[in-house]
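Taking it in order: structure first as C-alpha coordinates, then the write-up.
The values are calculated or read from the model by the stated rules, or taken from the named source; none is laboratory data. Quick caveat, the model's predicted, so the values are computed rather than measured. Here the Cβ is made from the backbone with ideal geometry for all residues, glycine too, and neighbour counts use every protein chain on show. Calculation scope for accessible area: heavy atoms of the full protein, side chains included, ligands and nucleic acids excluded. Shrake-Rupley method; radii C 1.70, N 1.55, O 1.52, S 1.80 Å.
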Amino acid sequence: MASVLVLNGPNLNLLGTRKPEVYGSTSLADVEEMCRQEAGKLGLDVDFRQSNHEGQLIDWIHECGRAMKAGDCIGAVYNPGAHTHTSVALHDAIEGAEVTVIELHISNVHAREEFRHHSFISPVARGIVVGFGVLGYPLAIQGLHQLTRTA
Ligand code: DQA
(Lines give C-alpha, C1' and ligand atoms only; values in the text may rest on other atoms or scores of the structure.)
Protein backbone atom coordinates (compact mmCIF):
# COMPACT_ATOMS: atom_id res chain seq x y z
CA MET A 1 0.00 0.00 0.00
CA ALA A 2 1.39 3.42 -0.94
CA SER A 3 1.80 5.97 1.81
CA VAL A 4 1.52 9.70 2.31
CA LEU A 5 4.06 11.50 4.47
CA VAL A 6 2.48 14.04 6.83
CA LEU A 7 5.28 16.22 8.07
CA ASN A 8 5.11 18.81 10.85
CA GLY A 9 7.78 21.36 11.68
CA PRO A 10 8.76 23.25 14.82
CA ASN A 11 6.36 23.80 17.70
CA LEU A 12 3.58 21.72 16.18
CA ASN A 13 4.11 19.21 18.99
CA LEU A 14 2.47 21.90 21.14
CA LEU A 15 -0.74 21.82 19.10
CA GLY A 16 -3.81 21.87 21.35
CA THR A 17 -2.21 24.01 24.05
CA ARG A 18 -0.27 26.62 22.02
CA LYS A 19 -2.37 29.71 21.21
CA PRO A 20 -5.67 27.77 20.97
CA GLU A 21 -7.40 30.96 19.76
CA VAL A 22 -5.22 30.70 16.62
CA TYR A 23 -4.53 26.97 16.22
CA GLY A 24 -7.53 25.40 18.02
CA SER A 25 -7.55 22.87 20.84
CA THR A 26 -7.03 19.66 18.85
CA SER A 27 -3.77 17.88 19.70
CA LEU A 28 -1.24 16.64 17.15
CA ALA A 29 -2.12 13.05 18.14
CA ASP A 30 -5.76 13.81 17.23
CA VAL A 31 -4.61 15.28 13.90
CA GLU A 32 -2.65 12.08 13.24
CA GLU A 33 -5.83 10.07 13.83
CA MET A 34 -7.80 12.36 11.45
CA CYS A 35 -5.10 11.79 8.81
CA ARG A 36 -5.25 8.01 9.30
CA GLN A 37 -9.04 8.05 8.87
CA GLU A 38 -8.86 10.11 5.68
CA ALA A 39 -5.96 8.18 4.16
CA GLY A 40 -7.64 4.87 5.01
CA LYS A 41 -10.68 5.88 2.92
CA LEU A 42 -8.31 6.51 0.00
CA GLY A 43 -6.39 3.26 0.45
CA LEU A 44 -3.25 4.99 1.70
CA ASP A 45 -0.95 4.48 4.69
CA VAL A 46 0.13 7.50 6.72
CA ASP A 47 3.67 8.20 7.82
CA PHE A 48 3.11 10.96 10.39
CA ARG A 49 6.13 12.85 11.74
CA GLN A 50 7.05 16.00 13.65
CA SER A 51 10.42 17.57 14.43
CA ASN A 52 11.69 20.83 15.84
CA HIS A 53 14.98 20.40 13.95
CA GLU A 54 15.59 21.67 10.44
CA GLY A 55 18.24 19.05 9.54
CA GLN A 56 15.95 16.21 10.59
CA LEU A 57 13.15 17.59 8.41
CA ILE A 58 15.55 17.89 5.46
CA ASP A 59 16.61 14.25 5.90
CA TRP A 60 12.96 13.14 5.97
CA ILE A 61 12.20 15.10 2.79
CA HIS A 62 15.12 13.39 1.05
CA GLU A 63 13.81 10.03 2.29
CA CYS A 64 10.37 10.89 0.91
CA GLY A 65 11.92 11.70 -2.49
CA ARG A 66 13.53 8.25 -2.58
CA ALA A 67 10.26 6.58 -1.53
CA MET A 68 8.38 8.47 -4.26
CA LYS A 69 10.87 7.28 -6.88
CA ALA A 70 10.43 3.72 -5.63
CA GLY A 71 6.64 4.11 -5.97
CA ASP A 72 6.09 3.67 -2.23
CA CYS A 73 4.92 7.19 -1.41
CA ILE A 74 2.63 9.68 -3.21
CA GLY A 75 4.25 12.77 -1.66
CA ALA A 76 3.99 14.89 1.45
CA VAL A 77 1.52 17.11 3.25
CA TYR A 78 3.83 19.53 5.02
CA ASN A 79 3.18 22.10 7.72
CA PRO A 80 6.60 23.75 7.97
CA GLY A 81 5.61 25.98 10.92
CA ALA A 82 7.97 28.95 11.27
CA HIS A 83 10.47 27.37 8.82
CA THR A 84 7.96 28.50 6.16
CA HIS A 85 9.17 32.04 6.58
CA THR A 86 12.89 31.38 7.09
CA SER A 87 14.21 28.26 5.42
CA VAL A 88 15.94 28.30 2.07
CA ALA A 89 17.35 24.88 3.06
CA LEU A 90 13.88 23.30 3.19
CA HIS A 91 12.95 24.95 -0.11
CA ASP A 92 16.09 23.42 -1.66
CA ALA A 93 15.42 20.00 -0.09
CA ILE A 94 11.94 19.79 -1.65
CA GLU A 95 13.21 20.96 -5.01
CA GLY A 96 16.36 18.81 -4.91
CA ALA A 97 14.60 15.61 -3.86
CA GLU A 98 11.69 16.33 -6.27
CA VAL A 99 9.05 15.75 -3.62
CA THR A 100 5.41 16.54 -4.40
CA VAL A 101 4.44 18.73 -1.46
CA ILE A 102 1.16 20.21 -0.36
CA GLU A 103 2.07 23.10 1.95
CA LEU A 104 -0.37 23.42 4.81
CA HIS A 105 -1.05 26.08 7.43
CA ILE A 106 -3.68 25.68 10.12
CA SER A 107 -4.13 29.44 10.45
CA ASN A 108 -4.62 31.95 7.64
CA VAL A 109 -1.05 33.25 7.64
CA HIS A 110 -2.05 36.10 5.28
CA ALA A 111 -4.42 37.54 7.88
CA ARG A 112 -1.64 37.56 10.51
CA GLU A 113 1.67 39.42 11.03
CA GLU A 114 3.45 40.60 7.90
CA PHE A 115 6.46 38.31 8.55
CA ARG A 116 4.12 35.33 8.01
CA HIS A 117 3.07 36.51 4.54
CA HIS A 118 6.18 35.28 2.76
CA SER A 119 6.79 31.56 2.27
CA PHE A 120 10.04 29.99 1.06
CA ILE A 121 8.09 26.75 0.59
CA SER A 122 5.25 27.94 -1.69
CA PRO A 123 7.37 28.23 -4.89
CA VAL A 124 8.22 24.51 -4.63
CA ALA A 125 4.80 23.33 -3.40
CA ARG A 126 2.36 21.66 -5.76
CA GLY A 127 -0.59 23.04 -3.81
CA ILE A 128 -1.30 25.09 -0.69
CA VAL A 129 -3.99 24.68 2.00
CA VAL A 130 -4.29 27.67 4.33
CA GLY A 131 -6.66 28.70 7.09
CA PHE A 132 -8.98 25.67 7.40
CA GLY A 133 -7.80 24.82 10.90
CA VAL A 134 -6.80 21.20 11.44
CA LEU A 135 -9.44 20.20 8.86
CA GLY A 136 -6.79 21.27 6.36
CA TYR A 137 -4.88 18.03 6.97
CA PRO A 138 -7.53 15.65 5.59
CA LEU A 139 -8.30 18.17 2.83
CA ALA A 140 -4.64 18.26 1.82
CA ILE A 141 -4.38 14.44 1.83
CA GLN A 142 -7.44 14.29 -0.41
CA GLY A 143 -5.99 16.95 -2.72
CA LEU A 144 -2.59 15.25 -2.95
CA HIS A 145 -4.29 11.94 -3.71
CA GLN A 146 -6.35 13.53 -6.51
CA LEU A 147 -3.39 15.35 -8.02
CA THR A 148 -1.09 12.36 -8.04
CA ARG A 149 -3.80 9.97 -9.25
CA THR A 150 -4.54 12.04 -12.35
CA ALA A 151 -0.93 13.15 -12.98
C1 DQA B 1 1.65 27.71 10.93
C2 DQA B 1 1.81 29.21 10.65
C3 DQA B 1 3.25 29.66 10.90
O4 DQA B 1 3.37 31.04 10.64
C5 DQA B 1 3.64 29.40 12.34
O6 DQA B 1 5.00 29.74 12.55
C7 DQA B 1 3.36 27.99 12.77
C8 DQA B 1 2.13 27.35 12.33
C9 DQA B 1 0.17 27.28 10.82
O10 DQA B 1 -0.06 26.07 10.78
O11 DQA B 1 -0.75 28.10 10.81
O12 DQA B 1 4.11 27.41 13.54
O13 DQA B 1 2.38 26.98 9.96
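Near Met1, once Lys and Arg are set to +1 and Asp and Glu to -1 for all other residues with Cβ below 10 Å from its Cβ, the sum equals -2. Computed with a 1.4 Å probe over protein heavy atoms only, the accessible surface of the chain comes to 48 Å² per residue.
Its Cα centre serving as origin, the chain has a Cβ charge dipole (Lys and Arg +1, Asp and Glu -1) of approximately 260 debye. I need the shape label for the chain. Rule: rounded when a/c is under 1.5, else prolate if a/b > b/c, else oblate, with a, b, c from the alpha carbon gyration tensor. Oblate. Taking 0.36 nm per residue of separation and subtracting the Cα-Cα distance, full extension of the segment from Glu33 to Glu95 would add 19.4 nm. Summarising the amide proton neighbourhood of Phe48: residues at separation of 5 or more, or on other chains, whose placed amide H is nearer than 5 Å comprise Val6.
Solvent-accessible area of the chain (1.4 angstrom probe, protein heavy atoms only): carbon and sulfur portion equals 51 percent.
Mind checking the log10 I(q)/I(0) for segment 87-143 at q = 0.23 Å⁻¹? Debye, one equal scatterer per Cα, no solvent, two decimals. Results for segment 87-143 at q = 0.23 Å⁻¹ read -0.94. Considering only Ile121, Val88, Ser107, and ranking their Cα positions along the charge dipole of the chain that arises from unit charges at the beta-carbon of Lys, Arg, Asp and Glu, the one farthest toward the positive end is Ser107. In this simple spin-label model, placing a label point 7 Å from the Cα along the Cα-to-Cβ direction at both His110 and Ser122 gives a separation of 0.7 nm. In this structure the amide hydrogen of Ala2, modeled in the peptide plane, comes within under 5 Å of the amide hydrogens of Asp45, none closer than 5 places in sequence on its chain. Neighbours of His110 by Cβ distance under 14 Å: Lys/Arg scored +1, Asp/Glu scored -1, total -1. For segment 20-92, the average shadow cast by the Cα convex hull is 5.8 nm², which is a quarter of the hull's surface.
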